[in-house]
Amino acid sequence: MKKLMILGAGIYQVPLIKKAKEMGLHVIVASYPGNYPGFALADEIVYADTRDKDKILEAAKAAGIDGIVTTGTDVAVISLGYVCEKLGLAGIPLRAAEILTDKAAMKEAFRGRVSTAAFEKCRTKEEAEQAAARLGYPVMVKACDSSGSRGINKVSEQSGLEDACREALSVTKKPYFLVEKYVQGREIGLDAFVAGGKIQLFLPHKKYVYRAGTATIPGGHAFPCDLDEDLRGKLHRELEQIIAVTGMDNCAVNSDVILTDSGEVSILEAGGRAGATCIPELISVYTGIDYYELMIRCALGEEISLTQTAGIPCQARLIVSSREGILRSVDEETLASLRSGNVQIDLDVKAGDPIPKLHNGTDRIGQVIAAGLTEEEMDQMLDRITACLEIIPKEEAI
């Protein structure tokens, strides 16, 4: 029986763990101790910070793993690359992992090769003020190693810069952050898979967002994306350049892109792992290729050669709350009536659980995935689902 180590035990790693079990693998789940759902599914557990690459390597050696993989998070990508390099396993190269998990290093790699917004790396509010003056408002202030839109804010004038800098530095482990020229346009996502140095899948998709203050938070995705051949060509060439300058290979790719008002492409960032917010599930529906299985087979060193075809239009949205509270009850009967062959509804919470107010991408309370619905029908579906959740203020639950 082959052994697969999965980095992370959270909600986004659960489908990956389940798929590995279905494939008959011995699954070792490594994660920092906590109330994470993936632990209950594992054959073996390693309690470790997934950012501690040496401890992860030690555990991987001791277990004699055949592959290592993660999904939906950047946190563990450096450890993944490190283990692959040290043990000769298939997966993202360490240098690529280091570049793609530091937005400053990524932007430096992009400079002059990949179409991206002008930027400066800053360490203080004073440096940020000077950078913003040179770049021109509005600007984006970004923590360099965060995910879920934490520490990322749009700043339209100098008065908002201090708070944005403070927030960026509060969530990062780096002594610096980015100030980046804001690019006006339509934001889309791009997921892809690269193996053997070749782009095996190329999947632009629509992106839905929630607004929380000055932060823009991923709220869902949809396939396909309505791009003409000229834009698809530009986007494909940009992806080729991203792969070339970062050295990524044998991994999923997740990127955020702005299609500018003038018809150009501007790359916001890229990651060497599958996207979150139901992207692997949507790719599986749209292409007919089980994306979790693909990631696992690649991690085990199997040769990957795919032929991409268009598939079933589909979309997904996160279920979130605009206010903090306690989930008093769930109308399970109505939820059951909303579920069907083409609508999948999953809640991360149950009656009695605390409900977070939406601040960043981790503040989800569930998800809905559907095929064949229009955007308007999906909006209506989301409203009906949230109406099934009775959320009360914490003080009323005492």
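Coordinate-derived values only; no laboratory data. Quantities reported herein were computed from a predicted structural model and do not represent experimental measurements. Neighbour counts are summed over all protein chains in view; Cβ atoms, including those assigned to glycine, are modelled from backbone coordinates with ideal geometry.
Key figures
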read-out: Whole-angstrom gap from the stretch 295-347 to the stretch 184-212, using each part's C-alpha centre; value: 17
read-out: Anisotropy class of the chain from Cα gyration tensor, a/c 1.5 cut; value: rounded
read-out: Residue of ASP249, ASP290, ASP54 that the Gaussian network model of the chain assigns the largest fluctuation, springs spanning Cα pairs under 10 Å; value: ASP54
read-out: Hz values of 3J(HN,Hα) by residue in the stretch 346-358 - Karplus curve (6.51, -1.76, 1.60), Gly and Pro given as x; value: 10, 9, 8, 10, 9, 3, x, 7, x, 10, x, 6, 5
read-out: Given LYS181/LYS234; LYS21/LYS61; LYS207/LYS394; LYS174/LYS207; LYS121/LYS154, the pairs whose alpha carbons are separated by over 23 Å; value: LYS207/LYS394; LYS174/LYS207
read-out: Sum of side-chain charges, ILE304 neighbourhood, beta-carbon under 10 Å (Lys, Arg +1; Asp, Glu -1); value: 0
read-out: In sequence order, calculated HN-Hα J values of the stretch 261-267 (Karplus, 6.51, -1.76, 1.60; Hz; x Gly/Pro); value: 4, 8, x, 9, 10, 10, 7
read-out: Per-residue HN-Hα couplings for the stretch 378-386 [Karplus 6.51, -1.76, 1.60; θ = phi - 60°; Hz; x = Gly/Pro]; value: 5, 4, 5, 4, 5, 4, 5, 5, 5
